[in-house]
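Student: Just passing along the structure, written as structure tokens.
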Amino acid sequence: MERQPLYKILPSADSYFIMFKKIFPLLLLCTAVVFPSYSAGIMFKKERIDAVIRSPDTLEIRGIYWFFNEDASATSAAIYYPFPLDSLSAYPHYITVTRLTQKQPIRFDTLPEGIRWDMKFSAKDGDSVLVVYRQRVSRMQGRYIVTTARLWGRPLQSAKFSVTVPPGLILDYWSYKYDTLCIQGDTLIYYSRHAPFSPEVDMLMRWRYK
């Protein structure tokens, strides 16, 4: 049995290290939340996750994560971002990390099961990060883990999810009830919005040919 993601912050002289471990089987994971095992001062405010089905066997995840440093002093963090690697999902063949407030790419280290990058937070200030990756998947299904956000101990201010289905495919199942359906030609985009957000189930998607 694989291990589920856990989040732990280990203090150092001037930085926090955010670690993730896997505990149960996953099909697809993209998450960058922090579990504050002690008063780290960093608040995970909200997230937006756009799942884009690029082809029957390729799923793209575009995740934007908003953080806020509640401390009166600057803080730095090293963030480890894992990918599940099993018979149904290969290591992502495309990965980018961008700091949106500065509109600059973030350099990251590629590790056997994920990536790692460093961030600095100004005092009483927020920041946001965009993570994009594409991954080959089998059996036309993908999964995004959201229940780990409960480890923060308080709901997110908001969460917005979407699934984009290209022409020729049908969204057969989505574990979140959509509130809006946008039709752009033959492309369908399903939206699910939550405010505040305290997840009870993970985001699971299955699709098939028309």
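Student: With under 17 Å from the mean Cα position of the chain (by Cα) and exposed (fewer than 15 other Cβ atoms within 10 Å of the Cβ) as the only criterion, which of LEU100, LEU130 stands out?
Tutor: Residue meeting the stated conditions: LEU100.
Student: Determine, yes or no, whether ARG150 is assigned to a helix (DSSP H, G or I) and not aromatic (Phe, Trp, Tyr).
Tutor: So ARG150 passes the test.
Student: Conditions: (1) within 25 Å of ARG54 (Cα to Cα); (2) among the small types (Gly, Ala, Ser); (3) at pLDDT 95 or above. GLY142 meets all but one. Number of the miss?
Tutor: (3)
Student: Please note which strands (runs of 3 or more DSSP E) are completely contained in segment 1-104 and include at least 1 residues that are farther than 21 Å from SER138 by Cβ and modelled with pLDDT of 80 or more.
Tutor: Once the strands (runs of 3 or more DSSP E) in segment 1-104 are filtered for at least 1 residues that are farther than 21 Å from SER138 by Cβ and modelled with pLDDT of 80 or more, what remains is 42-55, 58-69, 75-82, 94-99.
Student: Something else now. Just checking, which of TYR191, TYR173, TYR178, TYR209 is farther than 23 Å from ILE95 by Cβ, surrounded by fewer than 18 Cβ atoms within 10 Å (Cβ to Cβ), of a type outside the set (Lys, Arg) and touching a Cys at 6+ places or on another chain (Cβ under 9 Å)?
Tutor: Details: TYR173 fails: touching a Cys at 6+ places or on another chain (Cβ under 9 Å); TYR178 fails: touching a Cys at 6+ places or on another chain (Cβ under 9 Å); TYR209 fails: touching a Cys at 6+ places or on another chain (Cβ under 9 Å).
Selected residue: TYR191, the only one of TYR191, TYR173, TYR178, TYR209 that is farther than 23 Å from ILE95 by Cβ, surrounded by fewer than 18 Cβ atoms within 10 Å (Cβ to Cβ), of a type outside the set (Lys, Arg) and touching a Cys at 6+ places or on another chain (Cβ under 9 Å).
Student: Would you pick out the residues in segment 67-85 that are surrounded by fewer than 19 Cβ atoms within 10 Å (Cβ to Cβ) and either within 23 Å of VAL132 (Cβ to Cβ) or of a type in the set (Phe, Trp, Tyr) (or both)?
Tutor: Result: PHE68, ALA78, LEU85.
Student: Which pairs do you get when a residue that is on the phi > 0 side of the Ramachandran plot, found in segment 125-150, comes within reach of a residue that is outside any strand (DSSP E or B), reach meaning Cβ atoms under 8 angstrom, with the pair 6+ apart or on two chains?
Tutor: ARG139/LEU88; MET140/PRO56; MET140/ASP57
Student: Next question, about the same structure. Which of the residues spanning segment 153-180 are part of a loop (DSSP other than H, G, I, E, B), in contact (Cβ under 8 Å) with a residue 60 or more places away in the chain and closer than 26 Å to GLY114 by Cα?
Tutor: Within segment 153-180, GLY153 is the sole residue that qualifies.
Student: Let me ask something else. Tell me which of these ASP202 doesn't satisfy, since it passes every other one: (1) over 17 Å from ARG62 (Cα atoms); (2) in contact with a helix residue (DSSP H, G or I) (Cβ under 8 Å, 6 or more places away or on another chain).
Tutor: Status for ASP202: all satisfied but (1).
The values are calculated or read from the model by the stated rules, or taken from the named source; none is laboratory data. Since the model is a prediction, treat every value here as computed from it, not as a measurement. Counting neighbours? That spans all protein chains shown, and the Cβs are built from the backbone with ideal geometry, glycine included.
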